[in-house]
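K.L.:
There's a structure below that I have some questions on.
The values are calculated or read from the model by the stated rules, or taken from the named source; none is laboratory data. Bear in mind that the values here come from a model prediction, so they are computed numbers and not experimental data. Note that each Cβ is placed from the backbone with ideal geometry, even for glycine, and that neighbours are counted across all protein chains shown. Accessible surface is based on the protein model in full, side chains and every heavy atom, while ligands, DNA and RNA are left aside. Shrake-Rupley method; radii C 1.70, N 1.55, O 1.52, S 1.80 Å.
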Amino acid sequence: MPAERCVAFAPGRVNLIGEHTDYNQGLALPFAIREGVTVRAQAISGSPARIRAQAQDLGESDEFPVDHPFRVEGWRAFVRGVVAELGRAGIALPGARLAISGQLPRGAGLSSSAAMEVALCLALIGLSHEQRGEVLGPVDRTEIARLCARVENDWVGARTGLLDQLACVYGEPDAALRIDFRSLSIEPIPLALGDWRLVVLDSGERHCLADSGYNERGRECAQACRLLGIASLRDADPGAAAALPQPLRRRAEHVLSENERVEDTVAALGHGDMPAVGALLNASHASLRDCYEVSTPAVEAAVLRLRDAGAVGARLIGGGFGGSVLGLFAPEVKPPAGALEVRPSAGAHLI
Ligand code: GLA
């Protein structure tokens, strides 16, 4: 039996600010977190080559031929999608056993999906190189993010942008990433929290982007662009956007104001003005709730719990319709029970 092995880790992410802007060619400020997904890949012999995948937390498995990963539902769609997209990209994969494990709750808005896609992708690319006796050189991280987003779009059915995957591959300790989704330029912005704390609190409501209103929001933004005759809401003239019919006007208002809040947050961080960051988080949440309409009663309750505990700012993160909320706490102020402290951490890597 071949002895080649490869282990990859990919983190989840928290988006400090800049929500529902990625598929509108806008701006966002996410960071990778410490918690993530690990994939242990081992080459196995046999013809035709097969993948045997095991989701250890779920106690479930999957098996399929490398050359014919036909579509299925659930976590298996991610594995089959990654294998298919790597094949399409011309990467020759050996048969492999894949053990998938992690500390990220699924559907909790911390990007467990992107972490799984990226960890699978890196582990399989690493394994393919090992089998050919080559050392894996630097990989094009943006290409990996793109490939993983195709898995999300075409195999899982969520029309997401690149936010989660780029945060996962480019994450850095002590920095958030200012991402411009038009140019795909990425600038690390020091996130010097000192004794301040960022925490996430699970609303308890699981979300599944493919089945939520997420794709509908994407369609609404595309419709607003058609009416305005522009390529993306990034380019919308505020006066022209104000003449759009509802709910498109509210959607455009959110995207335009959220892009500005990203720039304002970068500036506030530069001045070490954490109360200003907190106020921007609150403004982002109000816009996501009232203009973009992606909040739910469970999400509102979680935001309220953070604010009641003394958060200077709190907002929903990720796609919305459930998942986690983010809170910013001043030194000495205690976050509520069940909140998980998050810190910017390194991006995906081989172990
Ligand atoms: C989810 C998607 C991202 C992004 C966010 C909202 O996390 O995967 O692409 O659109 O929602 O900002």
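K.L.:
Identify, by number, the condition in (1) at pLDDT 95 or above; (2) in contact with a helix residue (DSSP H, G or I) (Cβ under 8 Å, 6 or more places away or on another chain) that Asn215 doesn't meet.
P.N.:
If we test Asn215 against (1) at pLDDT 95 or above; (2) in contact with a helix residue (DSSP H, G or I) (Cβ under 8 Å, 6 or more places away or on another chain), just (1) comes out false.
K.L.:
Quick check on my filter: what residues within segment 299-314 are within 30 Å of Leu244 (Cβ to Cβ) and surrounded by fewer than 17 Cβ atoms within 10 Å (Cβ to Cβ)?
P.N.:
Glu300, the sole residue that qualifies.
K.L.:
Could you please find all residues in segment 161-173 being within 12 Å of the ligand (Cβ to nearest atom), surrounded by 24 or more Cβ atoms within 10 Å (Cβ to Cβ) and either small (Gly, Ala, Ser) or assigned to a loop (DSSP other than H, G, I, E, B) (or both)?
P.N.:
Ala167
K.L.:
Considering only residues that are open to solvent by less than 50 Å² (accessible area, probe 1.4 Å) and within 16 Å of the ligand (Cβ to nearest atom), which ones fall in segment 187-218?
P.N.:
Val200, Ser203, His207, Leu209, Ala210, Ser212, Gly213, Tyr214, Asn215, Arg217, Gly218
K.L.:
Under 6 Å by Cβ, and 6 or more places apart or on different chains, what pairs join a residue from segment 105-121 that is in the same structural domain as Val169 (by TED's automatic domain parsing) and in contact (Cβ under 8 Å) with a residue 60 or more places away in the chain with one that is hydrophobic (A, V, I, L, M, F, W, C) and within 9 Å of the ligand (Cβ to nearest atom)?
P.N.:
Gly109/Ile317
K.L.:
Return the residues of segment 132-146 that are closer than 25 Å to Pro105 by Cα and open to solvent by 50 Å² or more (accessible area, probe 1.4 Å); say none if nothing qualifies.
P.N.:
Arg141, Arg146
K.L.:
Only one residue in Arg13, Arg52, Arg40, Arg34 is without any contact (Cβ under 8 Å) to a residue 60 or more places away in the chain and of a type in the set (Lys, Arg), so which one is that?
P.N.:
After applying the criteria, what remains is Arg52.
K.L.:
Would segment 58-65 turn up any residue that is within 22 Å of the chain's Cα centre (by Cα) and in a loop (DSSP other than H, G, I, E, B)?
P.N.:
There is at least one residue in segment 58-65 that is within 22 Å of the chain's Cα centre (by Cα) and in a loop (DSSP other than H, G, I, E, B).
K.L.:
Do you know which residues across segment 226-263 are touching a Lys or Arg at 6+ places or on another chain (Cβ under 9 Å), closer than 30 Å to Leu177 by Cα and open to solvent by less than 30 Å² (accessible area, probe 1.4 Å)?
P.N.:
Matches in segment 226-263: Ser232, Leu233, Ala241, Arg251, Val255, Asn259, Val262.
K.L.:
Run Ser128 past the list (1) of a type in the set (Ser, Thr, Tyr); (2) assigned to a helix (DSSP H, G or I); (3) within 16 Å of the ligand (Cβ to nearest atom) and report the number of the one that doesn't hold.
P.N.:
With respect to (1) of a type in the set (Ser, Thr, Tyr); (2) assigned to a helix (DSSP H, G or I); (3) within 16 Å of the ligand (Cβ to nearest atom), Ser128 is out only on (3).
K.L.:
Being modelled with pLDDT of 95 or more, of a type in the set (Gly, Ala, Ser), more than 16 Å from the ligand (Cβ to nearest atom) and open to solvent by less than 80 Å² (accessible area, probe 1.4 Å) narrows it down to one of Ala49, Ala53, so name that one.
P.N.:
Ala53
K.L.:
If you go through segment 269-292 one residue at a time, do you hit one that is within 14 Å of the ligand (Cβ to nearest atom), within 18 Å of Leu191 (Cβ to Cβ) and open to solvent by 20 Å² or more (accessible area, probe 1.4 Å)?
P.N.:
no
K.L.:
Could you check how many residues of segment 95-131 are of a type outside the set (Gly, Ala, Ser), farther than 18 Å from Glu152 by Cβ and open to solvent by less than 10 Å² (accessible area, probe 1.4 Å)?
P.N.:
Matching residues across segment 95-131 total 2.
K.L.:
Another question, then. Working only within segment 180-236, note down all residues that are aliphatic (A, V, I, L, M), in a loop (DSSP other than H, G, I, E, B) and without any contact (Cβ under 8 Å) to a residue 40 or more places away in the chain.
P.N.:
Answer for segment 180-236, where residues must be aliphatic (A, V, I, L, M), in a loop (DSSP other than H, G, I, E, B) and without any contact (Cβ under 8 Å) to a residue 40 or more places away in the chain: Ile230, Ala236.
K.L.:
Check Pro69 against each of (1) out of contact with any His (no Cβ under 9 Å at 6 or more places or on another chain); (2) surrounded by fewer than 15 Cβ atoms within 10 Å (Cβ to Cβ); (3) outside any strand (DSSP E or B) and name the one condition it does not meet.
P.N.:
In the conditions (1) out of contact with any His (no Cβ under 9 Å at 6 or more places or on another chain); (2) surrounded by fewer than 15 Cβ atoms within 10 Å (Cβ to Cβ); (3) outside any strand (DSSP E or B), Pro69 misses (2) alone.
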